[in-house]
Amino acid sequence: MNHFEIPQLKTCRHAIRFWTGIFLACLTGLVCAQSPWPDKPVRIIVPTAAGSGSDLIARTLAQRLSEIWKQSVVVENKAGASGIIGVDAVVKAAPDGFTLLMSSASPLVINPVIFRKLPHDPLKQLAPVSHVGIAPAAFLVNSTTPVTNLKELVALAKAQPKKLSYGSFGQGSGAHLAIEAFNQGAGIDMIHVPYKGTGPAVSDLIAGQITLTLADLATAQSQIKAGKLRAIAINGPARSPLLPDVATFTEQAYPAMEGTYARFGLLAPVGTPQAILNKVSADTITALNDPSVSDRFTSLGYTLTGSTPDKLRNWLKEDAERWGKVIQAIGGIVLD
């Protein structure tokens, strides 16, 4: 080797070491900047009060996700205004995946149709994450009412037009619209009596003040066992193990009620990175498949099922179209 080449060789080696150091420093910084999500507590907002269906699911899911993520998952109730307050809080949150919404479909697909003005557009400003489950309900009559199935109920309603009444937990509620869907499909007209919750409606049904109502399966089961009420149909896609002898509306030739059960989903602010949405979706599916989670809710009449973001988006779109047609058929509902 020529002695004139040595300094050049040394310079080359120094250059290699220098740029290698720069590369490793950049790589280390990149790795640090992309630490696994979530690296801080995650918040799940529920737009209903503690003890509601959304709340029970959210708390059970939060516990399982915190185990999967090795990070705290906190449930925060922001009830009021038919879910508007809680939904709005998520819409306005940072789109980083650290604020999620657990809600039934009603505030997302019914509120935009019945409220004169909303501070948000839920289907445009929220990103679907995962379907979570459904909660079918039972069509209940007083045990002294002389009907045991839908055919007999429809015959009674047609024989006594505008004499039968039904209770719901409020104007524009899922129960109100579901029973109106049945009325439309059956060609009957029953009087709507709105209540502030399912409890008061069931109490008046037991007392004979109204003819029927639609209530969750756990409530239905307890009242049926007590001999106070009779279930004549359920609005689920299949019979429930809680009430195996009660046929669905579709089985009884009234498919207008198909899909009117409560649907629950997990959503995030629009703009949340797709990688985070996919991760939360996959981990939610894992959590819901845990027997300790699914078995608990089966005993309450729920069916928990996770999904991809796209599947939830499609289901919400179908729900919005279904409820929109029902509301239009009854002449519309306008709430302030």
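Under 5 Å from the amide H of THR272 lies no amide H of any residue 5 or more positions distant or on a separate chain, with H modelled from the backbone and absent for Pro and chain starts. Under 1.5 on a/c is rounded, so check that first for region 281-327, then, if it is not, pick prolate when a/b is larger than b/c and oblate when it is not; a ≥ b ≥ c are the square roots of the alpha carbon gyration tensor eigenvalues. Oblate.
What the Cα convex hull of region 202-243 gives, in volume per residue, is 66 Å³. Only helices enter the 222 nm calculation for the chain: every DSSP H run of n ≥ 4 contributes -39,500 (n - 2.57), and dividing by all residues gives -13500 deg cm²/dmol, rounded to 500. Between VAL246, PRO291, ALA329, the Cα set farthest toward the positive side of the dipole of the chain (charges on each charged residue's Cβ, about the Cα centre) is that of PRO291.
For the residues THR99, THR144, THR213, a GNM of the chain with alpha-carbon springs under 10 Å puts the largest fluctuation on THR144. Within the accessible surface of the chain, defined with a 1.4 Å probe on protein heavy atoms only, the carbon and sulfur portion equals 57 percent.
When the chain is treated as a Gaussian network with alpha carbon springs shorter than 10 Å, the biggest mean-square fluctuation among ARG296, ARG64, ARG263 belongs to ARG296. A straight line joining the Cα centroids of region 225-290 and region 124-201 runs 17 Å.
Rolling a 1.4 Å probe over the protein heavy atoms leaves TYR261 with an accessible area of roughly 30 Å². Scanning the chain for long hydrophobic helices, with DSSP H runs required to stretch 27 angstrom or more by C-alpha along their axis and to average at least 0.0 on the Kyte-Doolittle scale, returns 6-33.
Remark: for residue pairs LYS117/LYS311; LYS163/LYS196; LYS78/LYS196; LYS40/LYS78; LYS162/LYS325; LYS40/LYS311, the C-alpha separation exceeds 24 Å in LYS117/LYS311; LYS40/LYS311. A Förster radius of 35 Å combined with the Cβ-Cβ distance from GLU67 to GLN274 puts the calculated FRET efficiency at roughly 0.90.
Under the criterion of Cα pairs below 8 Å and six or more residues apart, the relative contact order for the chain equals 24 percent.
Under a 5 Å amide H cut-off, with hydrogens placed 1.01 Å from N, GLU251 pairs with nothing among residues at least 5 apart or on other chains.
For LEU100, the residues whose modelled amide H falls within less than 5 Å of its own, excluding neighbours fewer than 5 places apart on the same chain, are ARG43, ILE44, ILE45. Accessible surface computed residue by residue for the chain, with neighbouring protein chains in place and a 1.4 Å probe, gives 48 Å² per residue. For region 102-121, the residues whose amide N sits under 15 Å from a probe point set 7 Å from the Cα of GLU76 along the beta carbon direction are 102.
Rg ratio for region 227-336: its Cα radius of gyration over 2.2 N^0.38 Å, N being its residue count, equals 1.32. Taking the Cα centre of the chain as reference, the dipole from Cβ charges on Lys and Arg (+1) and Asp and Glu (-1) amounts to some 340 debye.
The values are calculated or read from the model by the stated rules, or taken from the named source; none is laboratory data. The structure displayed is predicted, hence computed values, not measured ones. So basically every Cβ, Gly included, is an ideal-geometry build from the backbone, and we count neighbours across all protein chains shown. Heavy atoms of the whole protein, side chains included, go into the accessibility calculation; ligands, DNA and RNA do not. Shrake-Rupley method; radii C 1.70, N 1.55, O 1.52, S 1.80 Å.
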